[in-house]
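Notes follow once the structure below has been shown.
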């Protein structure tokens, strides 16, 4: 008898798939159920954002940035606005800064709700997903009150905001915050502590801090491995240095540090922290202030370049802008966090089963819109 | 029952000239058709029930537009499925592709021939009823593997293989658990098993709480066996947390991916038929089948009074937790209690066995299955296997031995 | 350490491979370096204890105007010492070649593929340099300022932007 010829199977988790969080293609080489190599193929959602930006005036680019990371549009617009403002040296009124922080943190909560719910969905728990979206609806109502849109806002403009918040916004936000902590306790009951969920997520896809840093992983995925890097603390931008909040780190409570459960749990804890920040910002919100007063008549940053980064719900969102003094940028590159986060999947996904690869992908929380731009 | 029906047909003057064998054949056909109709109706009701139950658990409403409260939704879905294009993938194995879904459905439906719906409604009173049900329902594996293979799709094949491994592994603890019950009764006849659970007795033979003589209260071992069986049966019918073969988020739809239209409807039908079958078996073997929980009309009155008190406590609990008044359990049990005290005839009817109690029990088990589905995440394949071989199998073996020891201790058997 | 000091040290170590220091005209002080020795410099910056640049934040290609040289920019950060440095290298348009840092910082793997995809810059030493965002058989490098799209792609007409 010759040796049994066991071949590796090449399995394609195609661009259309319920669990790949967008149009992502994963080429899996598997030996039975165990995956030996993962090759992500991206570009299905490439809309040449960077080429468009070279033909658009600076203020016209703002809606485009939201469409890249469509689950955290406020964060994308905020980062872009701050990058251009730094190039031009614009000083913002206090009210604008506080409102921007409120919207950025509410957006962080909304984005993490999707991440947490979708992760539960990937491992088969359908009900927590619906519960998370119930809270997210409340946040989207707040965004609609302020900007008129639920998902893609065009609200955080260079030098200010598109409009001021309507009366009743502050009360409604307080109402939302009062109920929110109870809801997070509910999610912890139904998902975080569930034995089956722990078995599906703990010790799966362990990412050591070295691997995370060299692959450029940032955000909750990096902090899940225990690395204490949060750009709101390392390079405080806007007025984040005035708020009192913790940066949750993965501690391996249910398994090893850096497993999928840690990345998931960091997101759950970050939601509570963001709620804290929003509450402090609402308490300190200055009543006076014109949100449009600092918007320059013509946006023509002086000749030069800048790389500015901010903490998006997914990680470090960076804008590399090169200007030659005209009202159209020469180069605009968006360094998207999910791009680097996805690149690590081959390293941490090898040797696991197909079901685990799905869980690992869910714990990395990617959005194809910002990977492909 | 076939004989009864045949006699009834022959009792008509017009038809008295019919040969008895023809009457027998006719009634056979009618009973078979009735069983199939029951399965189909059952699927329609259960699909609606599942959608409503899952919706209410997820803070939404479910189907509301088609018919009052969405009751005609399933009919609309069935009509839609019937008019879909029948697509067979080009490289698929045509024969197996067509036959696969039918094998699964037929295997599920045929087992209903041995299920006693009440003391008289039983299609085929077989001495080996339990054995028949368990063995025929295993043919489902064949159908699943056929469908997965014939789809010419790696993902379908994965789903089919996982499903085959899962079902075959869980057959063993399920079978051994059922043997523990057979050891108590001494017969595989399902009707005998139910009749042995009549009357009232103590909890676990010695604790003096008056409970019906159902096998779940017979001994701690059979109590455990009921849950082992329920878990194993959930795995047998591929429901969450064991629905890896149809894992929506991983394999699109597993072995059912390539089937559309009517063929998919057959899969769906057989899934609910299987779920109902499993619920029937739990009700028959552990919960006393069509036996009423109340021995006589006094038992009904006292029993429902106790239920009302429990419902009152539950309403208080709900009130403190959510601030809302939960009216239905309390109101319903109060009405029934008052009716039972005022109208002894009603109480006697409640205390009598029959199809009503059977369906009540089956309905609660199915509700529990749905509850599991929408609460728990999915187990991974190897974790599933671990639960079957390393947890359920030893437990079921311990059960078997424990039941024998228990029966010796309580004097039911002598060595 | 400030960028000025880091530049001084690099200059001392690598001599004329470090070309100049740009402080005006950029918010991130940049050291312009020779393309073929980028990898050695990045390794040095990573391993040396005074620098410990273990995080490559961003790697981008750039085309200033459609005629002059292409450039690649590297934004580095140290998670331990919390300081920054930016490196920039220029390379010819006709035959763009830059040493790859993909084996030093694994995140550069995908970033360099993107620069290759959109600018056509060849990164020597890259494990698997192929297109990442566009199709494998796409012709041309779209983000270059002198890019003219082809007429057809796989039989489909490419519409001209007015």
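We did not get these values from a lab; they are worked out from the coordinates using the rules stated. This is a predicted model, so every value here is computed, not measured. As a convention, Cβ positions derive from the backbone with ideal geometry for all residues, glycine included, and neighbour counts pool all protein chains shown.
The table that follows gives values for the structure above.
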| quantity | calculated |
| --- | --- |
| Length-normalised contact order for chain B - Cα pairs under 8 Å, 6+ apart - percent | 19 |
| Rounded FRET efficiency, nearest 0.05, which uses the C-beta distance separating residue A:36 from residue C:5 and R0 of 30 Å | 0.05 |
| Ordering of B:48-55, A:342-349, C:127-134 by burial proxy (mean other Cβ atoms within 10 Å per residue, highest first) | A:342-349, B:48-55, C:127-134 |
| The range C:1-128 - share of DSSP beta bridges that are antiparallel (%, nearest 5) | 75 |
| Centroid-to-centroid separation of the range B:170-220 and the range B:106-140 [C-alpha atoms, Å] | 19 |
| Cα centroid separation, the range B:362-398 to the range A:346-373 (Å) | 28 |
| Folded to 0 to 90 degrees: helix A:127-147 orientation relative to chain A principal axis, Cα | 20 |
| Average beta-carbon neighbours from other chains, 10 Å sphere, peptide A:201-214 | 2 |
| Span from the the range C:1-34 Cα centroid across to the the range A:169-245 one, whole angstrom | 37 |
| Per principal axis, descending, Cα span of the protein assembly as shown in whole Å | 111, 75, 58 |
| FRET E, pair residue C:103, residue A:326, Förster distance 56 Å, beta-carbon r, rounded to 0.05 | 0.90 |
| Debye intensity ratio I(q)/I(0), log10, the range A:122-257, q values 0.11, 0.13, 0.14, 0.20 Å⁻¹ (C-alpha model) | -0.62, -0.87, -0.99, -1.30 |
| For peptides B:286-298, A:324-336, B:305-317, A:26-38, sequence by mean Cβ density within 10 Å, most packed first | B:286-298, A:324-336, A:26-38, B:305-317 |
| Reduced Cα scattering model of the range B:297-352, Debye log10 I(q)/I(0), q = 0.19, 0.29 Å⁻¹ | -0.61, -1.02 |
| Helix-only CD estimate at 222 nm, as mean residue ellipticity for chain C, using -39500 (n - 2.57) per DSSP H run (n ≥ 4) | -6500 deg cm²/dmol |
| With eigenvalues of the C-alpha gyration tensor scaled by 5 and rooted, chain B, Å | 35, 28, 26 |
| Label point distance in nm, residue C:130-residue B:56, each placed 7 Å from Cα along Cα→Cβ | 5.5 |
| The range B:1-83: radius of gyration over Cα atoms, expressed as a fraction of 2.2 N^0.38 Å | 1.70 |
| For the range A:43-368, alpha-carbon Rg relative to the globular expectation (2.2 N^0.38 Å, N residues) | 0.98 |
| Shielding by other protein chains, A:331-341, mean Cβ within 10 Å | 4 |
| Degrees, to the nearest 10: B:393-409 long Cα axis against longest axis of chain B | 20 |
| Partner chain coverage, peptide A:301-312 - average Cβ within 10 angstrom | 3 |
| DSSP bridge orientation in the protein assembly as shown - percent antiparallel, rounded to nearest 5 | 85 |
| Angle between chain B longest axis and helix B:140-150 axis [Cα atoms, degrees, rounded to 10] | 20 |
| Mean separation of Cα contacts under 8 Å, 6 or more apart, over the residue count of chain A: relative contact order % | 27 |
| Quarter of the Cα convex hull surface for the range C:3-157, i.e. its orientation-mean projected area (nm²) | 9.7 |
| Sorted peptide list for A:156-167, B:89-100, A:121-132, criterion being average Cβ within 10 angstrom, highest first | A:121-132, A:156-167, B:89-100 |
| Helix-derived mean residue ellipticity, 222 nm - over chain B, DSSP H n ≥ 4, -39500 (n - 2.57), to 500 | -21500 deg cm²/dmol |
| Relative contact order (%) - the range A:1-127, alpha-carbon pairs under 8 angstrom, separation at least six | 13 |
